[in-house]
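What follows is a short report on a single structure.
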Amino acid sequence: MKAKVHVTLKQGILDPQGKAIEHALDSLGFKNAANVRVGKYMELDIDEKDRAKAEAEVKKMCEKLLANTIIEEYRYELT
Amino acid sequence: MKIGVLVFPGSNCDHDCRHVFQNVLGQPVEMVWHKDALPAGLDAVVIPGGFSYGDYLRTGAIARFSPVMGGVKEFAQRGGLVIGICNGFQILLEAGLLPGAMLRNRSLHFICKDVYVRVENAATPFTSACTPGQVLKIPIAHAEGNYYTDPVTLAGLQANAQVVFRYCTPDGKATADASPNGSLDNIAGIRNAEGNVLGMMPHPERCAEEMLGNEDGRLIFASMLEAVQQIKSKLSIVGS
């Protein structure tokens, strides 16, 4: 199975990169863009046929390494 | 006093730390490769600055799983002195030996310059040579030094005098403008609840001898030396 993991800063935590991009978009004339949040995207193959087991493994990976849950939140898809 | 200085792939302040302990303070130092076990008989462990694992994923996120870190955790749990400087601080946070996390600097820039920090707690093994409220000039060099933690943890740090250094103006005022990176509550360094683990973003090893024009950083290492000597003299009294 393939896992697609998205890690972003939690809502409420200032994202200076997002702010800089927002300003750049604004100066390019995209006046309707707001609340830019920058994150990480990771994909990985997981050698597991059972969906529930694969999901449990990916959750553990996120909690242990892929995200720092003090400042970040994560979501994932399995295909 | 025997010091262990950890070396990760990407550490770049390891030899500066060795130099200060060995040549400035005259203490034996052992360089410890991150894949090796922590040697027995150390009195203090230094996790130096640099870019361990190229800062991949997050600063310190991969280094915390290096084999040597298991030994560092045990050493800290036994009450051993551990100091993490810059990337070392980031590793201690990721390892859970200190609370909180680092965000990108408010300005997004890598900042390398002298800053002023106020000693908020001079009753620690890392600051006993300082006076309470003393202002130290120490350089920083980082892009991720914007300390963050949740409000409950922050209140705990404040209540237990775990905030050891705050960024301040040259005359000692911890104003928002004095923080170079946007760090919460101007935090530049914290200790754990037990008091034997310190993390700080400024680099005291870069200003610890007269030749460099600034000796403020030497106070941190001299404090550690004094703390270890006190522990040893107590042990020898008990033993005799």
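The values are calculated or read from the model by the stated rules, or taken from the named source; none is laboratory data. The shown structure was predicted, so the numbers you read here are calculated from the model rather than taken from an experiment. Note: ideal-geometry Cβ built from the backbone for every residue, glycine included; neighbour counts use all protein chains shown.
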Of all residues in the stretch B:161-192, count the ones that are more than 20 Å from residue A:14 (Cα to Cα) and of a type in the set (Asp, Glu). 1
Being under 19 Å from residue B:163 (Cβ atoms) and at pLDDT 95 or above narrows it down to one of B:140, B:91, so name that one. B:140
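For the stretch B:22-111, please list each of the strands (runs of 3 or more DSSP E) lying entirely inside it that holds at least 3 residues being surrounded by fewer than 24 Cβ atoms within 10 Å (Cβ to Cβ).
In the stretch B:22-111, B:29-33 are the strands (runs of 3 or more DSSP E) which contain 3 or more residues that are surrounded by fewer than 24 Cβ atoms within 10 Å (Cβ to Cβ).
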Any chance the stretch B:67-77 includes a residue that's out of contact with any helix residue (DSSP H, G or I) (no Cβ under 6 Å at 6 or more places or on another chain), farther than 27 Å from residue B:163 by Cα and among the aromatic types (Phe, Trp, Tyr)? no
Filter the stretch A:1-40 for residues that are assigned to a loop (DSSP other than H, G, I, E, B) and within 12 Å of chain B (Cβ to nearest Cβ); the one that is surrounded by the fewest Cβ atoms within 10 Å (Cβ to Cβ) is A:12
If you go through the stretch A:57-66 one residue at a time, do you hit one that is among the hydrophobic types (A, V, I, L, M, F, W, C), under 28 Å from residue B:96 (Cα atoms), surrounded by 14 or more Cβ atoms within 10 Å (Cβ to Cβ) and more than 13 Å from chain B (Cβ to nearest Cβ)? yes
The condition from (1) over 16 Å from the mean Cα position of the chain (by Cα); (2) assigned to a loop (DSSP other than H, G, I, E, B) that residue B:123 misses is numbered (1)
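Can you confirm whether residue B:16 is at pLDDT 95 or above, of a type in the set (Asp, Glu), in a loop (DSSP other than H, G, I, E, B) and surrounded by fewer than 22 Cβ atoms within 10 Å (Cβ to Cβ)?
no
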Restricting the stretch B:53-73 to residues that are at pLDDT 95 or above and more than 14 Å from chain A (Cβ to nearest Cβ), the residue that is nearest to residue B:100 (Cα to Cα): B:73
